[in-house]
Structures are given as structure tokens and as C-alpha cells.
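Asks: This is the structure, below, for whatever I ask next.
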Amino acid sequence: MRVSSGNRYASVYEFLSLCLLVFSLPIFEGPKNIASLFLLIFFLFFLVKNRLSDYIFSIYDVIVLFIFFIVVLSLVFSPFEKVNWNALVDPFRYLSIAWVVSHLRFTKKQIIIIFTLLILSTLLGSIEGVYQLKEYYGNKIYFELDSVGHTNHSFIYLTIITLVVLSVLFISLMNQSIYLLITSLSIVALFIYLIYTGGSRASAITLFVSMFLLMGLFYNFLSKKKKILLMLCGVLPMIILVTFSQVPDNISRLIKNPDKLNLVASKRFELANTAIIILNKSPMLGVGAGGFKQINKQVVTDWSNDKNIDMKNYFFSSHAHSLYFTTLSEKGLLGILALLILLIYWGYMLYKLFPKSIAKKKDMHWLLWLASFSALLVTSINGIANTTLHHEHAILALVLFSMMLGNILSFSDDKPLG
């Protein structure tokens, strides 16, 4: 992967727009939308003004364009008469942001500011979310980040940020920064507590699987003393959970009913059956982006060609509660192909850009790599049971991946963080 000339460094306007965007993502709806628009406008302005000669049309550009093209085609060829063209807004926003960020370089100080704002805004949003717990479905109380919304989406976002903070903890061990270690450990413990006691089982499972993978990766690169410290950092949040919390409802249901898998799935199997009916009807492009919500009992009966179909095997919602089944049903086989190309390319670039040592001069290399790896883990693993890669958590995940693509090779010989 080539790194272009200095003309590709972000202008102050682009940098400030991105700062406003990442800070607003979990907490402010209006500023988030304004920042997204300004970021795109400023990038296009400076691209036309003085960057066209240095512009590199990358494989990532092709993938982004292909994904958006499939979204458009899915709407054009939707089997429904009523097509929701507003469904283009969300993919256009997160894909355009991904494209812009992948073509911008930032200084070390700017990257530290961006990551600080990401973590700070999530911390503030989490405090507000705890203070203003939302009530749904009778007497059940659910946590939300104000601008992210539904509890599952909020926990997807929070899980990514938790793993980012865990990455900062690794950097603190690498650089022997006690202040950074204590700060990051405290934030990780708080976020783990919120996810563990929250209502999203998929996010809780994703978090612990991802933490295991990340800490196993860290362990191989640390000295004996730091390995012991890392293990203590991993055990401390668990002690806090056991000491200060009861077993939450989402976990206790698994313990009490291990043989009843559908309690875990929460209608996921029935939603998958609905998605398969859609796929059989419209295999190449599905029913169009945002079209899953138009599926009902009558549609399933008509498309299945079975008048005696058992509706207990099907469930209807705004989406299939799975990244993969939602993509299959709304964008068809071409949509899932585009998604898999993105995920495979993401994994390939992580493999290609993997840091080979923990030298202090490579701490920014590690930070960008680990943040991108964290985003891929949550997107792909949590995507099995939740519809990841849309709205705020799509912006977050793709910003982290795009920042790695555009900046990681610039920091191989930089000074250590802190």
C-alpha cells in the first residue's frame, strides 16, 4: 500500500470536522450530521483544489463504490412497489466517511486527539445513559447511548470502544506509563460492567471472545513482568463484576435454560427463516435496502407457495437481527458478496500491516492496528446475532479501519506515545 505526498495531510477544516463527528457520534444527533456533511464538502474542495495529482484510486475505493452500487441496485430492482429511497442515506454517509478518512493523513498529535475524543464522548454518553435509563417492554430497563439509540446498537458501539481502550491499555504497558494504565483500566472496567449487566447477550459474548483474543495477542509480545501485570488487568474487571453485581437477567436465562437455545436466539432462527424465504424469492438483490420491514405474514404465505405454512417458524421485524441474514434478505447474493469482500480485505490488510515488534517507536502503529482489529472483531462476530455495520457503529468501525489504511505506515519510526 502506497503512502502519498504531503498534500494528502488533512487540512484544519477536515480535522476539526472529523473531531466534531467522532465526539458527536454517541451523544449528539444534529452535530454528527453536520460534521459528516462538512467533512465530505471540505475533502472534495481540497481534492479538486490541490490533491488530484496525488490522488491514489485504491482497492478500498473500488470496494466502497461496489457496496454502494449494490445498495442502489437492490432498491431499483426491489419486488415491492413502494421503495424506501431514504435507505440510501445511511450507507452513503458511512461509506463516504470511510472513503474520505482513508485518503487523509493525520499527525501523531491529531490521531491522539481523535482517539481521546472517541473515548471521552463514549464515557460521557455512558454516564448519561446510566442516568437516563430507558424503559421498554413492560418493566425491563435498557441502557442507551443517546445518539446511537436502541440498546443493541448502543452496546455494539460500546463494545468497539471498550476494545479500543483495551488497546490503549496495551500501549501503556508497552511504554510503561502508569497514568495511562490506570486511566485505561478504570474505563475498561466501567464499560465491561455496563456491557455485562446490559441487555445484549451478543455484545457480552463478543466482548469476552475479543478480549481473550486481544489479551492472547498482547501476552506473546510482553516481558514476564508485564505478562503478570496484563493478567492482573484482565482479572481485575472480573473481580469487580462478581463483587458489585448480581447475575444479570440475560446471563441467568442461559444458566437456568441451557437446553432452550431459542431463549438465547430471541427469534433469530425465525428471522433467519424469513430471510431465506426472501432469498428464494429474490436471490440476486433481495428486497432492497430497508425492505425487510415490509415483510409480513401475507408476503411470506404468498412467496412460499404454501397456504398451510406454519407462521410459528417465522418472525417479522425491521431487520433480521443479523448482519449476514439482513444483507442476504435486503441485498441478496450480490450484497453478501460485497460484504464478504470488505471483511476479507479488512482481514488481509490487518495481516499485511501487522506490527512485528513492540518497540516504543511503533506504539502508534499498534494503536491504529489494534483499533481496526477490534472494529473487525465486533462487526463480524456480533454481526452473527445483531445487524452491525450500519448507522453510528458502522461509521465508528469504518473510521477506525480507514485511519489504519491511510496512516499506519507513517508511524513506523515515530516517537513513543507519552
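Asks: Go through region 48-88 and count every residue that is in contact with a Gly (Cβ under 8 Å, 6 or more places away or on another chain) and hydroxyl-bearing (Ser, Thr, Tyr).
Replies: Looking only at that region, the number is 2.
Asks: Right, another one. Just to be sure, is Leu25 under 25 Å from Leu158 (Cβ atoms), of a type outside the set (Val, Ile, Thr) and out of contact with any His (no Cβ under 8 Å at 6 or more places or on another chain)? Walk me through how you get there before you give the answer.
Replies: Details: under 25 Å from Leu158 (Cβ atoms): yes; of a type outside the set (Val, Ile, Thr): yes; out of contact with any His (no Cβ under 8 Å at 6 or more places or on another chain): yes.
Here the answer is yes, as Leu25 does meet what is asked.
Asks: Then there's this: Suppose we keep only residues that are modelled with pLDDT under 90 and in a loop (DSSP other than H, G, I, E, B) within region 389-412. Which one would you say is farthest from the chain's Cα centre (by Cα)?
Replies: Ser412
Asks: Residues of region 142-159 being within 14 Å of Leu123 (Cβ to Cβ) and at pLDDT 90 or above, which ones?
Replies: Ser154, Tyr157, Leu158
Asks: Still on this structure, I have one more. In region 70-103, which residue that is among the charged types (D, E, K, R) and not in a helix (DSSP H, G or I) is surrounded by the fewest Cβ atoms within 10 Å (Cβ to Cβ)? Break it down into steps so the answer makes sense when it comes.
Replies: Initially, region 70-103 is screened for residues among the charged types (D, E, K, R), giving 81-82, 90, 93.
Subsequent filtering for residues that are not in a helix (DSSP H, G or I) retains 81-82.
On the way: Glu81: 5, Lys82: 8.
This residue is Glu81.
Asks: A further question on this structure: For Leu328, which of the numbered conditions (1) at pLDDT 90 or above; (2) in contact with a helix residue (DSSP H, G or I) (Cβ under 6 Å, 6 or more places away or on another chain); (3) within 23 Å of Gly149 (Cβ to Cβ) fails to hold?
Replies: Condition (3) is where Leu328 drops out.
Asks: Checking the structure you have, find out if any residue of region 356-365 is hydroxyl-bearing (Ser, Thr, Tyr) and either crowded, with 20+ Cβ neighbours inside 10 Å or in a helix (DSSP H, G or I) (or both). Steps first, please.
Replies: Start the filter on region 356-365 by keeping residues that are hydroxyl-bearing (Ser, Thr, Tyr), which leaves 357.
Right, trim to either crowded, with 20+ Cβ neighbours inside 10 Å or in a helix (DSSP H, G or I) (or both) and you get none.
No - not one qualifying residue is present in region 356-365.
Asks: Could you go through region 134-143 and let me know if any residue there is under 22 Å from the mean Cα position of the chain (by Cα), more than 19 Å from Phe212 (Cα to Cα) and touching a residue at least 24 places away in the same chain (Cβ under 8 Å). So that I can check it myself, show each step before the final result.
Replies: Residues of region 134-143 that are under 22 Å from the mean Cα position of the chain (by Cα), as a first pass: 142-143.
So of that shortlist, the ones also more than 19 Å from Phe212 (Cα to Cα) come out as 142-143.
Then keep just the ones that are touching a residue at least 24 places away in the same chain (Cβ under 8 Å); that gives 142-143.
Within region 134-143 (the criterion being under 22 Å from the mean Cα position of the chain (by Cα), more than 19 Å from Phe212 (Cα to Cα) and touching a residue at least 24 places away in the same chain (Cβ under 8 Å)), the answer is yes, since at least one residue qualifies.
Asks: Can Ile161 be described as in contact (Cβ under 8 Å) with a residue 60 or more places away in the chain, among the aliphatic types (A, V, I, L, M) and either at negative phi or surrounded by 24 or more Cβ atoms within 10 Å (Cβ to Cβ) (or both)?
Replies: Working: in contact (Cβ under 8 Å) with a residue 60 or more places away in the chain: yes; among the aliphatic types (A, V, I, L, M): yes; either at negative phi or surrounded by 24 or more Cβ atoms within 10 Å (Cβ to Cβ) (or both): yes.
For Ile161, the condition - in contact (Cβ under 8 Å) with a residue 60 or more places away in the chain, among the aliphatic types (A, V, I, L, M) and either at negative phi or surrounded by 24 or more Cβ atoms within 10 Å (Cβ to Cβ) (or both) - is met.
Asks: Filter region 177-222 down to residues that are modelled with pLDDT of 85 or more, buried (at least 16 other Cβ atoms within 10 Å of the Cβ) and polar (S, T, N, Q), then give me how many there are.
Replies: Qualifying residue count, region 177-222: 5.
Asks: Quick one: would you say Leu40 is more than 26 Å from the chain's Cα centre (by Cα) and either assigned to a helix (DSSP H, G or I) or of a type in the set (Ser, Thr, Tyr) (or both)? Spell out the reasoning first.
Replies: On the way: more than 26 Å from the chain's Cα centre (by Cα): no; either assigned to a helix (DSSP H, G or I) or of a type in the set (Ser, Thr, Tyr) (or both): yes.
Here the answer is no, as Leu40 does not meet what is asked.
Asks: OK, next. Could you list, in sequence order, the residues of region 21-32 that are out of contact with any Leu (no Cβ under 8 Å at 6 or more places or on another chain), in contact (Cβ under 8 Å) with a residue 24 or more places away in the chain and in a helix (DSSP H, G or I)? Even if it seems obvious, please write down each step before you answer.
Replies: Here is the first cut: in region 21-32, the residues out of contact with any Leu (no Cβ under 8 Å at 6 or more places or on another chain) are 24, 28-30.
Narrowing further to those that are in contact (Cβ under 8 Å) with a residue 24 or more places away in the chain: 24, 28-29.
Answer for region 21-32, where residues must be out of contact with any Leu (no Cβ under 8 Å at 6 or more places or on another chain), in contact (Cβ under 8 Å) with a residue 24 or more places away in the chain and in a helix (DSSP H, G or I): Ser24, Glu29.
Asks: Also, I was wondering about something else. Examine region 337-355 for a residue that is part of a helix (DSSP H, G or I), free of Cβ contacts under 8 Å to residues at least 12 places away in the same chain and either touching a strand residue (DSSP E or B) at 6+ places or on another chain (Cβ under 7 Å) or closer than 14 Å to Met404 by Cβ (or both), and state whether such a residue exists.
Replies: Yes, region 337-355 has at least one match.
Asks: In region 59-75, which residues are in contact (Cβ under 8 Å) with a residue 60 or more places away in the chain and either of a type in the set (S, T, N, Q) or under 19 Å from Gly332 (Cα atoms) (or both)? It would help to see each step written out before you state the result.
Replies: Here is the first cut: in region 59-75, the ones in contact (Cβ under 8 Å) with a residue 60 or more places away in the chain are 59-60, 63, 66-67, 70-71, 73-75.
Hits for region 59-75 are Ile63, Phe66, Ile67, Ile70, Val71, Leu73, Ser74, Leu75.
Asks: Quick one: is Leu133 farther than 22 Å from Ser410 by Cβ and at pLDDT 85 or above? Talk me through it step by step, then tell me what you get.
Replies: Details: farther than 22 Å from Ser410 by Cβ: yes; at pLDDT 85 or above: no.
In short, no.
Asks: Could you say whether any residue in region 298-310 is of a type outside the set (A, V, I, L, M), surrounded by 15 or more Cβ atoms within 10 Å (Cβ to Cβ), more than 22 Å from the chain's Cα centre (by Cα) and part of a loop (DSSP other than H, G, I, E, B)?
Replies: Checked against the condition, which is being of a type outside the set (A, V, I, L, M), surrounded by 15 or more Cβ atoms within 10 Å (Cβ to Cβ), more than 22 Å from the chain's Cα centre (by Cα) and part of a loop (DSSP other than H, G, I, E, B), region 298-310 yields no hits at all.
Asks: Just to be sure, is Ala272 assigned to a loop (DSSP other than H, G, I, E, B), modelled with pLDDT of 85 or more and buried (at least 16 other Cβ atoms within 10 Å of the Cβ)? Walk me through how you get there before you give the answer.
Replies: On the way: assigned to a loop (DSSP other than H, G, I, E, B): no; modelled with pLDDT of 85 or more: yes; buried (at least 16 other Cβ atoms within 10 Å of the Cβ): yes.
Answer is no for this residue.
The values are calculated or read from the model by the stated rules, or taken from the named source; none is laboratory data. Everything quoted here is computed from the prediction, not taken from an experiment. A quick note on method: Cβ atoms are made from the backbone with ideal geometry, for glycine too, and the neighbour counts reach across all protein chains shown.
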